[in-house]
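S.K.: What follows is a single structure, and I will ask about it in a moment.
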Amino acid sequence: MGDLQLTLKVWRQRSSSDKGKFETYDVSGLNSHMSFLEMMDVLNEQLVGKDIEPIAFDHDCREGICGMCSMVINGRAHGPLKGTTTCQLHMRHFKNEDTITIEPWRAKAFPVVKDLVVDRSSFDRIIQSGGYVSVNTGSAPDGNAIPIPKEVAEEAFDAAACIGCGACVATCKNASASLFVSAKVSQLALLPQGQPERKERVNKMVSKMDEEGFGHCTNTGACQAECPKEISIEYIRKMNLDYNLSNLKG
Amino acid sequence: MNNYLTSTIFRKVLASLSGLFLVTFLVGHLVGNLQLFIPGVQGQTQFNKYALFMTTNPVVQALSIITYSAILLHIFITLFLVIQSRRARPVGYAVSNGNDSSGWSSRNMAILGTVLLFFLVIHLKSFWYKMHFGEMPYQYLSDGTKIKDLYQVTTSAFQNPFYTFFYVFCMGALSLHLKHGVESAIQTVGLRIPSYEKLFKYAAIAVAFSIPAIFASIPVYLYFTNI
């Protein structure tokens, strides 16, 4: 286990209008079993003891499924580990006396609210624009009432694994939301229930994505490399094709 | 329909299609250039007759207008997209570890493209501008007619080691630009279906390596045979 001591360079910003700057903190009394967020809790406790305002950061379930935690850790969204959210990143992946730089997601569409907390409601607005099936679904249907091939169901489920954390936007050099939007489009476009509104959905969601000020996709593949749910850019290809065909066919 | 024509995806499609069209132009241009490997008067005559054909044939003229338009479209649409993506991240990161998640060429297409634009301006000035508007030497054919001697202009240009090196360097930039560009274009237009992913990947690498390598071999050959 062993004691762990770290130097943290953390982005501090009072409010969305504040310019913000990095502050350096030494934090001790850590151990390698702690998660990254628990490490932040220890730091905040120590800051409160010194009468310094604790660092604001987003977190909720701490089980890697809610998509609330964020943080760019040493230049990597959700830190250096593949397929992992910040809350599931443990301190054993860092060495004693490491210096760690922690920044918020950076994108025009994700304005900083305070310190490491960003406003991701642009994602909500994209979903509101069409990421749903607008019929009363009633109670759960019988299993296999609508036959769906296993591969298709798997593919739709893989898209539905998106937790909407925004790591794709944070890591993309263009701050593009294509991976998120394509996952949300595909999870419905692949299934029979999503067909009636398929064209309308992709048009509305892509328009909203552009309107919110996200960048374009240059297919670097950085999003799929950093996505904690390892969502494939294959969904972006599907979304592009769907979007183009639905407009070209009229 | 709706905002299709102003959407980022449509603009990306334009960049992709113009880019892919320019790859076919490169292949045509390369095949023509291969005639520079033919030695002596035979090569000179053939290349100069080819140059005359390429500057006078109406079909080629029409194709060249399409090519210039594709180049301009590719430049302006990508410039527009680059500006848009800069705006999408007004505050950058203090630490970035790009190589951990993506390839260098995929993140530096704009820089590579700018190098290629710089190359294109110099390249057009050296050969295209000179052929059309500059003072050209003439080759006198056996039947008594004279034609512009682009062969001599080309071979003498590549006796300069710096000019030759610059050409080869720019072909390196072209290679990196194509390496990401071809695969990315296929993905953007939606054709990179998973079962053919490997095929497209290797095809892109083959295109990205072979076209610039064969282009670069010509000035290197001309430099060393005329040294």
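We did not get these values from a lab; they are worked out from the coordinates using the rules stated. For clarity, every value in this text was computed on a predicted model and none was experimentally measured. Please note: Cβ atoms are built from the backbone with ideal geometry, for glycine as well, and neighbour counts cover all protein chains shown.
S.K.: To make sure I understand, if each residue's beta carbon is the centre and we count other beta carbons within 10 Å, what order do B:TYR151, A:TYR132 fall in, fewest to most? Spell out each step's value before the answer.
M.R.: Values: B:TYR151 24, A:TYR132 13.
Fewest-to-most Cβ neighbours within 10 Å comes out as A:TYR132, B:TYR151.
S.K.: Now for a separate question. So which DSSP H runs in chain B come out at 18 Å plus along the axis (Cα) with average Kyte-Doolittle of at least 0.0? If you can, show how the numbers build up before the last one.
M.R.: Details: long enough: B:8-33 (37 Å, 1.35); B:40-56 (24 Å, -0.28); B:58-88 (45 Å, 1.41); B:109-123 (20 Å, 2.51); B:161-188 (39 Å, 0.65); B:197-225 (42 Å, 1.22).
Taking the DSSP H segments of chain B (at least 18 Å long, mean hydropathy at least 0.0), we get B:8-33, B:58-88, B:109-123, B:161-188, B:197-225.
S.K.: Related question: Please compute, for peptide A:231-240, the average count of beta-carbon atoms on other protein chains lying within 10 Å of each residue's beta-carbon. Don't skip to the end; give the middle numbers.
M.R.: Values: counts 0, 1, 2, 5, 0, 5, 10, 2, 2, 11.
Counting Cβ atoms of other protein chains within 10 Å of each residue's Cβ and averaging gives 4.
S.K.: While we're looking at this one, here's another question. In whole angstrom, how far apart do the alpha carbon centroids of the range A:187-212 and the range A:41-119 sit?
M.R.: Using only Cα atoms, the two centres lie 32 Å from each other.
S.K.: Looking only at B:THR145, B:THR67, B:THR154, which one moves most when chain B is put into a Gaussian network model with springs between Cα atoms under 10 Å?
M.R.: Among B:THR145, B:THR67, B:THR154, the largest mean-square fluctuation in the Gaussian network model of chain B belongs to B:THR145.
S.K.: Quick check: from the Cα gyration tensor, does chain A come out rounded (a/c under 1.5), prolate or oblate? Mind dumping the intermediate values first?
M.R.: On the way: a/c = 2.41, a/b = 1.90, b/c = 1.27.
It comes out prolate by the Cα gyration axes.
S.K.: Given the options A:GLY20, A:GLY130, A:GLY164, state which has the largest fluctuation in a GNM of chain A using a 10 Å cut-off (strictly under) for Cα springs.
M.R.: A:GLY20
S.K.: When all C-alpha to C-alpha distances in the range A:3-103 are sorted into bins of 5 Å, what percent of pairs does each bin hold, rounded to whole numbers?
M.R.: The calculated distribution, bin by bin, is 3, 13, 23, 27, 21, 11, 3, 0.
S.K.: Report, in deg cm²/dmol and to the nearest 500, the calculated mean residue ellipticity at 222 nm for chain B, where each DSSP H run with n ≥ 4 adds -39500 (n - 2.57) and the sum is divided by the residue count.
M.R.: Working: 9 runs with 162 residues, N = 227.
Using -39500 (n - 2.57) per qualifying helix, the result is -24000 deg cm²/dmol.
S.K.: Hey, what number do you get for chain A at 222 nm if only DSSP H runs of n ≥ 4 count, each worth -39500 (n - 2.57), divided across all residues, to the nearest 500?
M.R.: When only DSSP H runs of four or more count, the value is -10500 deg cm²/dmol.
S.K.: Then there is this: Can you return the lysines within cross-link range of A:LYS95? Criterion is Cα-Cα under 23 Å, with same-chain partners fewer than 8 residues away left out.
M.R.: Output for A:LYS95: A:LYS9, A:LYS82.
S.K.: Where does each of A:LYS184, A:LYS173, B:LYS49 land when they are ranked from fewest to most other beta-carbon atoms within 10 angstrom?
M.R.: Working: A:LYS184 26, A:LYS173 21, B:LYS49 15.
The fewest-first ordering by Cβ neighbours comes to B:LYS49, A:LYS173, A:LYS184.
S.K.: By its C-alpha gyration tensor, with a ≥ b ≥ c as the square roots of the eigenvalues, how is the range A:190-229 shaped: rounded for a/c under 1.5, else prolate for a/b larger than b/c, else oblate? Could the numbers behind the result be given before it?
M.R.: Working: a/c = 2.96, a/b = 1.42, b/c = 2.08.
It comes out oblate by the Cα gyration axes.
S.K.: Now for a different question. Quick one: A:VAL181, B:VAL121, fewest Cβ neighbours within 10 Å first, how do they rank?
M.R.: Working: A:VAL181 30, B:VAL121 11.
Arranged by neighbour count, lowest to highest, A:VAL181, B:VAL121 become B:VAL121, A:VAL181.
S.K.: Which lysines, on any chain, are close to A:LYS184 with Cα under 17 Å apart, when same-chain ones fewer than 8 places away are left out?
M.R.: Qualifying lysines at Cα under 17 Å: A:LYS199, A:LYS204, A:LYS208, A:LYS229, A:LYS238.
S.K.: Another question about this same structure. Using the Kirkwood formula over every pair of different C-alpha atoms, what hydrodynamic radius in Å results for the range B:43-109? Walk me through the intermediate numbers first.
M.R.: Numbers: mean 1/r = 0.0619 Å⁻¹.
Computed over the range B:43-109, the radius equals 16.1 Å.
S.K.: I want the local charge near A:THR84. Using Cβ-Cβ distances under 13 Å, sum +1 for each Lys or Arg and -1 for each Asp or Glu among the other residues. Provide the component values of the computation, followed by the final result.
M.R.: Values: positive: A:ARG62, A:ARG76, A:LYS82, A:ARG92, A:LYS229; negative: A:GLU63, A:GLU226, A:GLU230.
Combined, the nearby Lys, Arg, Asp and Glu give +2.
S.K.: Please give me the summed charge of the neighbours of B:ASN99: other residues whose Cβ is under 13 Å from its Cβ, Lys and Arg +1, Asp and Glu -1.
M.R.: Values: positive: A:ARG76, A:LYS173, B:ARG107; negative: A:GLU226, B:ASP100.
For residues surrounding B:ASN99, the net value is +1.
S.K.: Distance from the Cα centre of the range B:61-91 to that of the range B:194-227, in angstrom?
M.R.: 24 Å
S.K.: On a C-alpha basis, how far is the centre of the range B:146-163 from the centre of the range B:10-56 in Å? Whole number, if you could?
M.R.: If you average the Cα positions of each part, the centres end up 17 Å apart.
S.K.: GNM on chain A, C-alpha springs below 10 Å: top fluctuator among A:VAL48, A:VAL27, A:VAL169?
M.R.: Sorting by GNM fluctuation, first place goes to A:VAL48.
S.K.: A further question on this structure: Which of the aspartates and glutamates could a cross-linker bridge to A:LYS114, judged by Cα under 15 Å and excluding same-chain residues fewer than eight apart?
M.R.: Leaving aside aspartates and glutamates fewer than 8 places away in the same chain, those within reach of A:LYS114 are A:ASP18, A:GLU23, A:GLU53, A:ASP58, A:GLU103.
S.K.: Quick one: Cα convex hull volume of the range A:121-248, Å³ per residue? Don't jump to the answer; show the numbers that get you there.
M.R.: Values: hull volume 14.3 nm³, N = 128.
With only Cα atoms used, the range A:121-248 gives 112 Å³ per residue.
S.K.: Please give the direction-averaged projected area of the C-alpha convex hull for chain B, in square nanometres with one decimal.
M.R.: For chain B, the mean projected area of the Cα convex hull comes to 16.5 nm².
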